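Peer 1: Structure in structure tokens, see below.
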């Protein structure tokens, strides 16, 4: 599901991110990026399984973003935080435990690229 939070595009995901569900996530992100957002937040708070394909989508999304677009991931719980941490992606892009924290960081300009 894609939503706008005062100019910040938020893609909320739930369930599992695996080979079966990954194409839908890629399409949702692609649609958001086509609108040239100022910031993109991927909300994984409803995700129960984050497979390697999901990690690849997060990394490739970050890499293809224009430097002027802020990017953050909402991840809480071991199903999402642990794989992101183990792969070192938490050092690549900003990660927050709640959507409110991510949105506050965007509004306060506290991202580091």
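Peer 1: Can you tell me which residue in region 38-66 is nearest to the chain's Cα centre (by Cα), limited to those that are assigned to a strand (DSSP E or B) and within 12 Å of residue 93 (Cα to Cα)?
Peer 2: First, the residues of region 38-66 that are assigned to a strand (DSSP E or B): 39-50.
So of that shortlist, the ones also within 12 Å of residue 93 (Cα to Cα) come out as 40-42.
Details: 40: 7, 41: 5, 42: 3 Å.
Across region 38-66, the extreme among qualifying residues is 42.
Peer 1: I'm trying to understand the selection: among the residues of region 18-35, which are within 22 Å of residue 4 (Cα to Cα) and touching a residue at least 24 places away in the same chain (Cβ under 8 Å)?
Peer 2: 22, 25, 26, 28, 29, 31, 32, 33, 35
Peer 1: Of everything in region 4-31, what is at pLDDT below 95 and surrounded by fewer than 18 Cβ atoms within 10 Å (Cβ to Cβ)? Give them in sequence order. Step through it out loud before you land on a result.
Peer 2: Just the residues of region 4-31 that are at pLDDT below 95, to begin with: 4-8.
Correct list: 4, 5, 6, 7.
Peer 1: Out of all the residues in region 67-89, which are outside any strand (DSSP E or B), more than 17 Å from residue 49 (Cα to Cα) and touching a strand residue (DSSP E or B) at 6+ places or on another chain (Cβ under 9 Å)?
Peer 2: Applying the first criterion (outside any strand (DSSP E or B)) to region 67-89 yields 67-69, 75-89.
Right, trim to more than 17 Å from residue 49 (Cα to Cα) and you get 67-69, 88.
Correct list: 69 only.
Peer 1: While we're on this one: Out of the residues in region 72-93 meeting the condition of being touching a helix residue (DSSP H, G or I) at 6+ places or on another chain (Cβ under 7 Å) and buried (at least 21 other Cβ atoms within 10 Å of the Cβ), tell me which one is farthest from residue 23 (Cα to Cα).
Peer 2: Restricting attention to region 72-93, the residues satisfying the condition of being touching a helix residue (DSSP H, G or I) at 6+ places or on another chain (Cβ under 7 Å) are 72-75, 83-84, 87, 89-90, 92-93.
Imposing the further condition that a residue be buried (at least 21 other Cβ atoms within 10 Å of the Cβ) reduces the set to 72-75, 84, 93.
On the way: 72: 20, 73: 18, 74: 20, 75: 20, 84: 20, 93: 22 Å.
Once the filter is applied, the top-ranked residue is 93.
Peer 1: Go through region 8-29 and count every residue that is more than 22 Å from residue 78 (Cα to Cα) and touching a helix residue (DSSP H, G or I) at 6+ places or on another chain (Cβ under 9 Å).
Peer 2: Total satisfying the criteria: 4.
Peer 1: If you don't mind, there's one more thing I want to ask. Any residue at all in region 36-55 that's surrounded by fewer than 15 Cβ atoms within 10 Å (Cβ to Cβ), farther than 15 Å from residue 105 by Cβ and modelled with pLDDT under 95?
Peer 2: yes
Peer 1: Check region 100-108 and report whether any residue there is touching a residue at least 12 places away in the same chain (Cβ under 8 Å), surrounded by fewer than 20 Cβ atoms within 10 Å (Cβ to Cβ) and either assigned to a strand (DSSP E or B) or touching a helix residue (DSSP H, G or I) at 6+ places or on another chain (Cβ under 9 Å) (or both).
Peer 2: There is no residue in region 100-108 that is touching a residue at least 12 places away in the same chain (Cβ under 8 Å), surrounded by fewer than 20 Cβ atoms within 10 Å (Cβ to Cβ) and either assigned to a strand (DSSP E or B) or touching a helix residue (DSSP H, G or I) at 6+ places or on another chain (Cβ under 9 Å) (or both).
Peer 1: Then there is this: Which residues, taken from region 1-37, are within 14 Å of the chain's Cα centre (by Cα) and part of a loop (DSSP other than H, G, I, E, B)?
Peer 2: 1, 37
The values are calculated or read from the model by the stated rules, or taken from the named source; none is laboratory data. Fair warning: this is a prediction, and the values are worked out from it, not measured in the lab. With ideal geometry, Cβ positions are generated from the backbone for all residues, glycine too; neighbour counts draw on all protein chains shown.
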